Each structure stands twice: as structure tokens, then as C-alpha cells.
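A.B. asks: Here you go, one structure.
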Amino acid sequence: MQKIKGAIFDLDGVLVDTAKYHYLAWKKLANKLGFDFSEKDNEKLKGVSRTRSLEILLDIGKVQADENQKSKWAEEKNECYVEYLKKLDSTALLEGTTDYLNTLHAEGVKISLGSASKNAPLILSQLNINNYFDAVIDGNSISKAKPDPEVFLQGAKALGLKPSECAVFEDSLAGIQAAKKGGMIAVGVVGEGDKKNLPGADFYVKSLGEAERSGLFI
Ligand code: B16
Ligand code: MG
């Protein structure tokens, strides 16, 4: 099997399913603004930044607002989301996460986070997986959202590796595009979804548990 020197993991949808809490928090805001927000619509927000997510939500509800109001709503949604995060623990990790992180670590593979979330430090700490990460690149350290490769290029750099020596594990199309633009190996983590929704990846797994069982990069 092809070997790698670095593994860069997206957070939401790869290591943990926080999408349902994003959904509940966005839905609460939508309902307050007088419209409904479906789980299907929530798919459009996966991997997208908080600011862009709000714009997509307001488009769905056909709501217009100035920048000041938008930032208050984004803050309000985040406060609600953070309340859910405070109750998170390691049982929320997706199948096989710690096994695969342990295996890669034992193989000497360097590990970085590459997430759009500004809440990544809180989530890693709630899940008790901080120790696996040699670098954490998240929404607090980047200026360009996926599909721009910035988040993953920063991850490779922080690990002291070339992009081509790293594999990126992603559940969003924007993330797969970012990884390929950055010159990395892209692994689509499809979960219960279909790999047709993630075109362009070099490998596909249902979960990190499947990556472990199939010996991906091991
Ligand atoms: P926050 P990822 C992304 O995480 C989520 O998929 C996306 O739904 C969210 O809007 C974004 O983080 C920003 O999150 O509001 O916590 O800063 O998939 O890049 O790990
Ligand atoms: Mg994701």
C-alpha cells in the first residue's frame, strides 16, 4: 500500500458528527426569522464557513439584512451550537476514529487537523483527542475557505512536509477540491452518503474504521 508521511483530517463529518448540532442551531435561528430549514438544506452547509452558511440560510428564507445584523445572528447561532458542544464527549467520535489515529501514529505518520470550524479547539478537547495532533489548522488560522487549499497547505507546512506527502480526509466536495488543488492525496469519507457526491477523490471509505480495516496507507 502507498505510504504517506502526513495525514490531515477534516473535523465535522470525518472525526465527529457535529452537523446535527449545526443543523439544530441554524434551524432555531431560521424559525425565529419565520421560515423552516430542512435537513436536506443543511447538506448545503457542510464544510462551509459560518459566515457563508448564514448567507445560504438567509437566501433559503429570502431574508435580507445588513452586515451588523448578520454578524449578530451568526453569533446567536454559535452560542446555541456551543451549548451542544459543551455536552459532547468521546462517544460522539465517528466509527474507527481513535483506532485509525493510533495506527497512523504508531506508523510514524504526522497528524494535522484541517477544519473550517472556529470551534475546533473546544471540540477536540471535548472529544479528548488533542494529543493525536501534531498541528491544528482551523477556522481561526485561515483567511480563505475551502475549496481554497489554504487550510491543507498550512497543515502540511506545520507538519514540515510537502503537500504530495500528505493525504487529506474529507467529507465535503469543497474539501476534496481543496485537497486536489493543494497537490495532496484526497480521501473521500462518505459515511451513509454516496461517493457520487464527492467526485475527484483518490480513495473512498465509509469511515475511518474502514480505512483501518482496509489498511489504507498502512
Ligand atoms: P464554526 P469542518 C465545518 O467543519 C462544518 O462542516 C460547517 O458546517 C461549519 O459551518 C464550519 O465548520 C464552521 O464552523 O461555526 O464552528 O466555525 O467540516 O470544516 O470540520
Ligand atoms: Mg467536514
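A.B. asks: Roughly speaking, what is the stretch gain from E83 to M1, that is 0.36 nm per residue apart minus the C-alpha to C-alpha distance, in nm to one decimal?
C.D. replies: 25.3 nm
A.B. asks: Work out the charge dipole of the chain with +1 on the Cβ of Lys and Arg and -1 on the Cβ of Asp and Glu about the Cα centre, then indicate which of A7, L122, L54 is farthest towards its positive end.
C.D. replies: L54
A.B. asks: Normalised by the residues of region 19-85, what does the relative contact order come to in percent, with Cα pairs under 8 Å and at least six apart?
C.D. replies: That works out to 45 percent.
A.B. asks: Sticking with this one: Please give, to one decimal in nm, the separation of the simple spin-label points placed at E55 and L122, each 7 Å out from Cα toward the Cβ.
C.D. replies: Each label point lies 7 Å from its Cα, and together they span 2.4 nm.
A.B. asks: Across bins of 10 angstrom width beginning at 0, how are the C-alpha pair distances of the chain distributed, in whole percent?
C.D. replies: Per 10 Å bin, starting at 0, the Cα pair percentages come out as 8, 35, 36, 16, 4, 0.
A.B. asks: State the extension gain, in nm to one decimal, for the chain segment bounded by N130 and K144, taking 0.36 nm per residue of separation less the distance between their alpha-carbons.
C.D. replies: So the chain would gain 2.6 nm between N130 and K144.
A.B. asks: Let me ask you something else. By how many degrees, 0 to 90 and rounded to 10, does the Cα axis of helix 50-61 deviate from the longest principal axis of the chain?
C.D. replies: Approximately 50 degrees, to the nearest ten.
A.B. asks: Still on this structure, I have one more. Shape of region 105-218 from its Cα gyration tensor (a ≥ b ≥ c, root eigenvalues): rounded if a/c is under 1.5, otherwise prolate when a/b > b/c, or oblate?
C.D. replies: Verdict is rounded for region 105-218.
A.B. asks: Working from the alpha-carbon coordinates of region 19-85, get Rg over Rh, Rh being the Kirkwood radius.
C.D. replies: 0.91
A.B. asks: Between the DSSP loop rule and a limit of at most 14 other Cβ atoms within 10 Å, which GluC sites (Glu not before Pro) in region 13-62 are left?
C.D. replies: Loop-located and lightly packed - none at all.
A.B. asks: How do the peptides 123-131, 59-67 rank, highest first, by the average count of neighbouring beta carbon atoms within 10 Å per residue?
C.D. replies: Going by the mean number of other Cβ atoms within 10 Å, highest first, we get 123-131, 59-67.
A.B. asks: Another one. Dipole magnitude of the chain about its Cα centre, charges +1 at Lys/Arg Cβ and -1 at Asp/Glu Cβ only, in debye to the nearest 20?
C.D. replies: In total the dipole reaches around 360 debye.
Values quoted throughout were computed directly from the atomic coordinates according to the rules given, and no laboratory measurement underlies them. Everything quoted here is computed from the prediction, not taken from an experiment. For neighbour counting, all protein chains shown are included, and Cβ atoms are generated from backbone atoms with ideal geometry for every residue, glycine included.
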